Amino acid sequence: MAEKRTAPLQADDLVTLNRSATVARLVSGVVHEVNNALQVIGGTTELLHDLPGLSDPVLKGLQRIHEQNARAAAALAEVMTFSRQKHDVRGVVNVREMISRTVALRAYAINRARLTIAQHVPSDGRFSVEGSAALLQQALLNLIINAEQALEGRSSGTITIDADRDGKMIRVRVTDDGPGIDGSIASSIFEPFVTTRPRDQASGLGLASARAIAEMHGGTLTCEAQEKGACFAFRIPAL
């Protein structure tokens, strides 16, 4: 059954906010430790690979370890870059690059869940907005994670990100082919703490936060009609 709650905040809502802040503080330390471990694994793998007399299966195994280690290190680097961005710094944001960086942040989780993510973004022409790169990336990240959650438990599924010029606005849409939006929360889906998922799995803040970021940039976040799944459209003034 859908869980619908609005302001004023309840005690467990405050707990959720406090927990999110605590996790954010812990993440950088955890990432640092994991990155140190990955460097040891990578260095040791290279040393073993250079030993004479190793069989082909062993060499291939060490090569796979090296490749996956590099992949994990790259994912951590993306996370750290994102976490260090200053939210109060505004400037010209290349939407094309912003989409690419955000997808990279979720690439590992999406592949592990056996989902597919597709991008349809113009490859040429000016495609920029004015604003906070960190906040805009956070909004898009929230929409992608929301789509992942909609597809959770499925053996396959596709998340599509497309972008275009919609008049004087740049429109970025995140679409999934999941079950669609629960009718019981359709009218309040952008309100804080509204979610159909258990509280330990979702805070109910993702869509509310994304809409607030869109409005801070003079734009909108809407849910567009879809025969299957859900589609959220993020519009912000183009430069």
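Annotations
- Against the test of being on the phi > 0 side of the Ramachandran plot and more than 9 Å from the chain's Cα centre (by Cα), the options 114, 126 yield a single qualifying residue, 114.
- Hits in region 206-222 (condition: touching a strand residue (DSSP E or B) at 6+ places or on another chain (Cβ under 6 Å) and among the hydrophobic types (A, V, I, L, M, F, W, C)): 210, 214, 221
- In this structure, residue 105 qualifies as of a type in the set (A, V, I, L, M), modelled with pLDDT under 90 and not assigned by TED's automatic domain parsing to the domain that holds residue 30.
- Lone unmet requirement of (1) at pLDDT 90 or above; (2) surrounded by fewer than 17 Cβ atoms within 10 Å (Cβ to Cβ); (3) outside any loop (DSSP other than H, G, I, E, B) for residue 114: (3)
- Every residue from region 139-169 that is acidic (Asp, Glu) and surrounded by fewer than 15 Cβ atoms within 10 Å (Cβ to Cβ): 152, 164, 166
- Cβ separations smaller than 8 Å between residues 6+ apart or across chains give the following pairs from region 121-138 residues that are aromatic (Phe, Trp, Tyr) to residues that are in a loop (DSSP other than H, G, I, E, B): 127/121.
- Check on residue 147, modelled with pLDDT of 85 or more, closer than 30 Å to residue 43 by Cβ and assigned to a helix (DSSP H, G or I): no
The values are calculated or read from the model by the stated rules, or taken from the named source; none is laboratory data. Remember, predicted model here, so these are calculated numbers, not experimental data. In this analysis, Cβ positions are derived from the backbone assuming ideal geometry, glycine residues included, and neighbour counts consider all displayed protein chains.
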